[in-house]
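All of the numbers you see were taken from the coordinates with simple rules; none came from a lab. These numbers were taken from a predicted model, which means no experiment stands behind them. For neighbour counting, all protein chains shown are included, and Cβ atoms are generated from backbone atoms with ideal geometry for every residue, glycine included.
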């Protein structure tokens, strides 16, 4: 009865939060609540959909560049609604609780939750008190809620995870793997679209690092790195799990596309995290349960592992040599169909794996002469490591107070403390809202406090509809208290790197009246949409080009020569809806670039201990399941290994959606529980 009531209350809480937020949505306040209700009903009727749908939506269900919501995303609403449906189902048809977690698993989970709760309270208090909003500037109280959000979402999903794992462990892992595989396909397509629109698929010399649809990187960070590190083992799963040539070929194509996405991040951490877990997969998959055919037990597993490894390294060539790639896939299809005619039903897997590996090796050798950006990145390893070491040292020194050394400085407080206490750190700009002179609000946009080199690297931005070859005119009301240089621009921009811009620099002086109305035409090359299947995006930006200067903005309007007014919420009557702050160039004040240090600094030693213990226990659970009847668990173990590796050089818990995926993988592994003494009969079948 107690468990039933708890599930019902959790479901009501999740549903209330989802619908309440949906009714405030800047784009679809009427449609989104209906869609969420439909999804809740589907999750109640078919709870098996919850896990794959949630993780499949993770890479793309975020419209923050259009909504301006940086503290809450559409993905959060998908999770809340799905959890509500699943919890309502559990409340209506309760299941047996099952054996309890081992004391070590329970210790890790409860300690991490407690440490996160204490750090949340400290973060809110340190930021000046709780001020609810759908937006965060990464120094306010919503930054603390942004950091704890993945923990809360996992708590809501935990009863559903536990029930599904107890009902069928193998199916639960496969559902997660399927959802992640679909998500990786979206990421690969998004990266291909981004590069095709902005720099071209074959240009590997220009310093352009893909971000896909991970808009959390509007202030830098490693969201796409963390996601790919967690997801790449499941691409190997797709190849490994294919049972016919016609399912294997799409899986192999996905491996090549995902490898391209990994490579075009130009992240050395991603390369290591994608490749290093492959020997682990080979070791876990090699023995196999008795009775499996030899080729499936050894050759197929190793072939899939080698395929993913080569796909990661050879992804460049698969795209740069598109004609050869298509011909290769056709040849592989013919080879696989021919091999299937042989005496062994699994012979085609070995033949196709060898052929694909050989083709990728040839492509790798062919692509070595293309592109210089990756080579330049690899040459900077020593210098980058010394810079990171200095950065990490400054971060650890933030724990100067005895209480900080026990509980951490608080969730979401790292950026504020770095710029406040660490010498040489400051934001490239800041954004705040104040009451307006007549109606709406005023945006106060500031440049860096002291470092002129950072000026122009922080902008107030809004996405606009891009039409070919138009001219733009900007009108706005401005108040300045001293001479200030201001930049206005409309650029072809995905997120971090501008392609072509129309712009205007203004030198503003205080006038006789506080507020001045400014109207200017932007100058520069005409913007173009590009290819119909890979259209470019346009972003309007306002930036302060001086240090120690700020500008008060109101009544912003942007007119296209053939489109009319393009901006939404120019008076900020709905707060910062539709507006987003964008940073470029220097991102170190926002991130510590280390998973373990971010846990230590913000959650304290208890949080780091709990995360490490939980990760190790989850890894042990997956390894034991993989070697005793559930080979799919090997891919969970590899995913955790990838996250652990990329966490050596990247922050993960501040990445939003990838942070949730990390906790979800750990949670599913813990739900599998301690194998010894209680392996379920169906998992051994």
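For segment 1-94, the spread of Cα coordinates along the three principal axes comes to 44, 24, 21 Å, biggest extent given first. When each of the peptides 119-125, 476-482 is scored by how many other beta carbons lie within 10 Å of its residues on average, the order from highest to lowest is 119-125, 476-482.
Dividing the alpha-carbon radius of gyration of segment 430-585 by the rule-of-thumb value 2.2 N^0.38 Å gives 1.01. Only helical DSSP H runs with n ≥ 4 go in: add -39500 (n - 2.57) per run for the chain, normalise by residue count and round the 222 nm mean residue ellipticity to 500 deg cm²/dmol. Value at 222 nm, helices only, nearest 500: -18000 deg cm²/dmol.
Packing, as the average of other Cβ atoms within 10 Å across residues, places the peptides 410-419, 394-403 in the order 410-419, 394-403, highest first.
What Kirkwood hydrodynamic radius, in Å, does the chain give when the mean of 1/r is taken over all pairs of distinct Cα atoms and then inverted? One decimal place: 26.5 Å for the Kirkwood radius.
Highest-first packing order for the peptide set 507-516, 221-230, 151-160, 30-39 is 221-230, 151-160, 30-39, 507-516, based on the mean count of other beta carbon atoms within 10 Å.
With a Förster radius of 60 Å applied to the beta-carbon distance between residue 372 and residue 406, the computed FRET efficiency rounds to 0.80.
Between 0 and 90 degrees, the angle of helix 223-241 with respect to the longest Cα principal axis of the chain falls at about 20 degrees. Given axes a ≥ b ≥ c from the Cα gyration tensor, I'd like to know whether segment 584-636 is rounded (a/c under 1.5), prolate (a/b larger than b/c) or oblate. Oblate shape, in that a/c is at least 1.5 and b/c is the bigger or equal ratio.
As I understand it, the value is the acute angle between the Cα axis of helix 347-367 and the longest principal axis of the Cα atoms of the chain; what does it come to in degrees, rounded to 10? Once rounded, one gets 40 degrees. For a test of the definition: using alpha carbon positions, the gyration tensor, and the 1.5 limit on a/c, classify segment 1-160 as rounded, prolate or oblate. In terms of gyration-tensor shape, oblate. Helix 2-22 and the longest principal axis of the Cα set of the chain meet at an angle near 40°.
Each label point was placed 7 Å from the Cα along the Cα-to-Cβ direction; for residue 387 and residue 533 their separation is 3.8 nm. Take every Cα pair under 8 Å whose residues are at least 6 apart in sequence, average their separation, divide by the length of segment 430-585, and the relative contact order is 38 percent.
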